[in-house]
Amino acid sequence: GETLMLGEQEFTLAAAFLKKPGSPASGFGLAPAVYIHDRFLETTNLIQLGSRVRYALAFATPDDMDLESWKNAKFSEAQDQNVTIQTYRESAQQVQRILFRLSHFLTMVGLITLLLGGLGIGSAMAVFIKDKLDHAAIFRSIGARPGQVFLLYFALAGILGFIGSLIGVIPGSLLPVWGSQWDRKSVV
């Protein structure tokens, strides 16, 4: 019942698909697809010079039909007419390829983030040690050996690192558990 402006034409929303027909990747879009009858297409004034248009037809086939052999038989005829034939298996493979590339990208982002985090921690530790040089000189003047001063600041840095790790690990390990319970509650 809601209204939707598409180009220069206003439409009333009649229904919503829970899953985009013919695509296993329906949840990966930036915006939901809008389907209108082709008789209304001209009134939207969306198709003009420079518009990118792709037409798609989805067909339900019998369960016992061999889609690959049918596609191979029609391939050259379809290619002559600039038509692409794609089965549901190929759509699933495209989604797998997208997820594979996304996982590699996120892996690279994680490694770069880890590297930058390490550089940041290293420079923070250098500033911390430089700031504590006066204290180290005091320890040396009251008789501490260089190894003892080193162990003192090494232990201090270790304790701070351990506390920081706990601050990150505890929420990081509890959040997925809490999120999965929340997700199950929202589905039920």
Review point. For the stretch 50-102, what is the Kirkwood hydrodynamic radius in Å, using each pair of distinct C-alpha atoms?
Key: 13.3 Å
Study note, to complete from the structure: Surrounding charge for L67, neighbours by C-beta under 12 angstrom, Lys/Arg +1, Asp/Glu -1, total -2
Check your understanding: Given H placed 1.01 Å from N in the peptide plane, which residues other than close sequence neighbours of Q9 have an amide H under 5 Å from its amide H?
Key -> none
Practice item. For the chain, find the longest principal axis of its Cα atoms and tell me its angle to the long axis of helix 146-187, 0 to 90°, nearest 10. Key: 30 degrees
Revision key, fill the gap. Excluding ligands, DNA and RNA, the carbon-plus-sulfur percentage of the accessible area of the chain with a 1.4 Å probe reads 64 percent
Exercise for review: Select from Y153, A16, A58 the residue farthest towards the positive end of the dipole of the chain; place +1 on Cβ of Lys and Arg, -1 on Cβ of Asp and Glu, and compute about the Cα centre.
Suggested key: Y153
Point to revise | Whole-number accessible area per residue in Å² for the chain, which is evaluated in the context of all protein chains at 1.4 Å | key: 88 Å²
Exercise for review: Quote the convex hull volume per residue of the chain, based on C-alpha atoms, as a whole number of Å³.
Suggested key: 293 Å³
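The values are calculated or read from the model by the stated rules, or taken from the named source; none is laboratory data. Everything quoted here is computed from the prediction, not taken from an experiment. No Cβ is skipped: glycine too gets one built from the backbone with ideal geometry, and neighbour counts run over all protein chains shown. The protein model used for the area step is the full one, side chains on, heavy atoms only, and it has no ligands, DNA or RNA in it. Shrake-Rupley method; radii C 1.70, N 1.55, O 1.52, S 1.80 Å.
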